1. Checking Ser131 against (1) among the hydroxyl-bearing types (Ser, Thr, Tyr); (2) more than 10 Å from the ligand (Cβ to nearest atom); (3) farther than 23 Å from Glu29 by Cβ, only one condition comes out false. Which one?
2. Between a residue in the range 1-30 that is loosely packed, with under 11 Cβ neighbours inside 10 Å and any residue that is in a loop (DSSP other than H, G, I, E, B), which pairs come within a Cβ distance under 9 Å, given they are 6 or more apart or on different chains?
3. Six or more apart or on different chains, Cβ under 8 Å: which pairs go from a residue in the range 82-109 that's among the small types (Gly, Ala, Ser) to one that's part of a strand (DSSP E or B)? Could you list them?
4. When you scan the range 131-150, how many residues do you find that are within 13 Å of Thr86 (Cβ to Cβ) and modelled with pLDDT of 95 or more?
5. Within the range 94-105, take every residue that is closer than 24 Å to Ser14 by Cα and more than 10 Å from the ligand (Cβ to nearest atom) and give me the one that is nearest to the chain's Cα centre (by Cα).
6. Say whether the condition of being touching a residue at least 24 places away in the same chain (Cβ under 8 Å) and loosely packed, with under 11 Cβ neighbours inside 10 Å is met by at least one residue in the range 41-51.
7. Considering only the range 74-93, state which residues are within 14 Å of the ligand (Cβ to nearest atom), closer than 17 Å to Tyr134 by Cβ and surrounded by 18 or more Cβ atoms within 10 Å (Cβ to Cβ).
Amino acid sequence: TAEREIQHFFPLQSTLGLIKPHATSEQIEKILNMIKEAGFDLTQVKKMSLTPEQIENIYPKITGKDFYKDLLEMLSEGPSMVMILTKWNAVAEWRRLMGPTDPEEAKVLSPDSIRARFGISKLKNVVHGASNAYEAKEVINRLFENPEEN
Ligand code: GDP
């Protein structure tokens, strides 16, 4: 398939994926299935309540924005699923599977994406992913003690 040919041109990469606290257990199960079906290895996964400091690390570019307080509050309301996702071109592939930030936009542009299917609003858009490979590495190293171990 075309997918199989593309793999030869992209290195194996890991990204940080996160399922936000408002996701129901049924949605989490469906999202984990979508992740596996998309060909990601779920290298590590853990449920954890993020501290404000960890949230700041996960969203390095958002701290000055007016909705940061809402984001902090929303991510503090319960445990998140934090994942290391490994695949060829994982950073971009995970962003593609998540879909656009705004679920309403996602429903139009990418109806099969996670945010189109389960997102409630721009803020409660069920999932997060690192923006680039550098950020992915940084945040994985902070959140996982042995990121290289399977
Ligand atoms: P992402 O990388 O697609 O998650 O998007 P961003 O990095 O731009 O934003 C980070 C998170 O902040 C998003 O996932 C949303 O939860 C939240 N967010 C982004 N833009 C808005 C906005 O305009 N309003 C609100 N309330 N939240 C937003």
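The values are calculated or read from the model by the stated rules, or taken from the named source; none is laboratory data. This is a predicted model, so every value here is computed, not measured. Cβ atoms come from the backbone with ideal geometry, glycine included; neighbour counts cover every protein chain shown.
1. Of (1) among the hydroxyl-bearing types (Ser, Thr, Tyr); (2) more than 10 Å from the ligand (Cβ to nearest atom); (3) farther than 23 Å from Glu29 by Cβ, only one is false for Ser131: (2).
2. Here the result reads Glu3/Gly39; Phe9/Asn89; Pro11/Asn89, each pair linking the range 1-30 to a residue that is in a loop (DSSP other than H, G, I, E, B).
3. Going by the 8 Å Cβ cut-off, the qualifying pairs are Ala90/Leu12; Ala90/Gln13; Ala90/Ser14; Ala90/Thr15.
4. 5
5. Per the criteria, the residue is Trp94.
6. No, the range 41-51 has no match at all.
7. If the condition is that a residue be within 14 Å of the ligand (Cβ to nearest atom), closer than 17 Å to Tyr134 by Cβ and surrounded by 18 or more Cβ atoms within 10 Å (Cβ to Cβ), then Val91 is the only one that fits.
This table checks each residue for (1) on the phi < 0 side of the Ramachandran plot; (2) in contact with a Gly (Cβ under 7 Å, 6 or more places away or on another chain); (3) assigned to a loop (DSSP other than H, G, I, E, B).
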residue	(1), (2), (3)
Lys46	yes, no, no
Asp66	yes, no, yes
Met74	yes, no, no
Ile84	yes, no, no
Ala106	yes, yes, no
Arg115	yes, yes, no
Arg142	yes, no, no
